[in-house]
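Structure record follows, encoded as structure tokens.
The values are calculated or read from the model by the stated rules, or taken from the named source; none is laboratory data. All of these numbers come straight from a predicted model, not from anything done at the bench. A quick note on method: Cβ atoms are made from the backbone with ideal geometry, for glycine too, and the neighbour counts reach across all protein chains shown. Areas reflect the complete protein model, heavy atoms only, side chains present, ligands, DNA and RNA absent. Shrake-Rupley method; radii C 1.70, N 1.55, O 1.52, S 1.80 Å.
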Amino acid sequence: FNKTYFSHASYQLTRNAKPLRNGFRLFLATKKRLNLFYGKFAETKFKSEFNEASIEAKKTLSRRRKEDLFLSKLETRLDTILFRSHFLHSFRHIRQVISHGKVFVNGNKMVNYGYLVKPGDVITIEPKIHSLVKNHLVETKFQRLVPCYLQISYKTLTIIMVQEINISYLSHLFPFWVNLKNIFYNYSY
């Protein structure tokens, strides 16, 4: 039996190890912030959204940035719009209400919470859950910050998307800094 002992001197870190660790830490923190702000996404869904945004950025003639396209796509989702209107308290609750068919877009029952809302669409809620939504609106103690691209009637509980979403409209919504270039760099492999 020859025992070999682990020698710390023989295994040294390369000079690129620390920047790689810091880059991964920044990537993971940004991804967690986005998951908190837009509800939990599966890794495959996250990658597909980034790939679609980068492909669409190459196709568009207006040369919008892929980060702008990605955030505007996330902001036009039905669940995100209901969350921004402060009708219900969490993405999980919103997705449950949508999947039960309690939300209507232009008078049609919508069960897909990932539906992309277009400018001019009218979102209404079934009258049976109006009391639930109104109780939540009364309980919220913070001031509602409504995005400028939405027109919300808290009396009739309807939402109208007024205009296209641009990244400049979203800067006041983010309570944190998001480095989307780092995420696109990590998903470009």
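Scanning the stretch 70-90 for any residue that is on the phi > 0 side of the Ramachandran plot and out of contact with any Ser or Thr (no Cβ under 8 Å at 6 or more places or on another chain) turns up nothing.
Check the stretch 127-146 and report whether any residue there is part of a strand (DSSP E or B), over 18 Å from E49 (Cβ atoms) and either open to solvent by 10 Å² or more (accessible area, probe 1.4 Å) or at pLDDT 90 or above (or both). No, the stretch 127-146 contains no residue that is part of a strand (DSSP E or B), over 18 Å from E49 (Cβ atoms) and either open to solvent by 10 Å² or more (accessible area, probe 1.4 Å) or at pLDDT 90 or above (or both). Which of the residues spanning the stretch 39-71 are open to solvent by 40 Å² or more (accessible area, probe 1.4 Å), over 25 Å from Q96 (Cβ atoms) and among the β-branched types (V, I, T)? Once the filter is applied, which keeps residues that are open to solvent by 40 Å² or more (accessible area, probe 1.4 Å), over 25 Å from Q96 (Cβ atoms) and among the β-branched types (V, I, T), the stretch 39-71 yields only I55. Criterion applied to K118, K102 was being charged (D, E, K, R) and without any contact (Cβ under 8 Å) to a residue 40 or more places away in the chain, and the one residue passing it is K102.
Mind listing whichever residues of the stretch 72-105 are exposed (fewer than 13 other Cβ atoms within 10 Å of the Cβ) and farther than 20 Å from P147 by Cβ? Result: R92, H100, G101. Just so you know, in the stretch 106-117 the residues that are surrounded by fewer than 18 Cβ atoms within 10 Å (Cβ to Cβ) and of a type outside the set (A, V, I, L, M, F, W, C) include one that is modelled with the lowest pLDDT, and it is G114.
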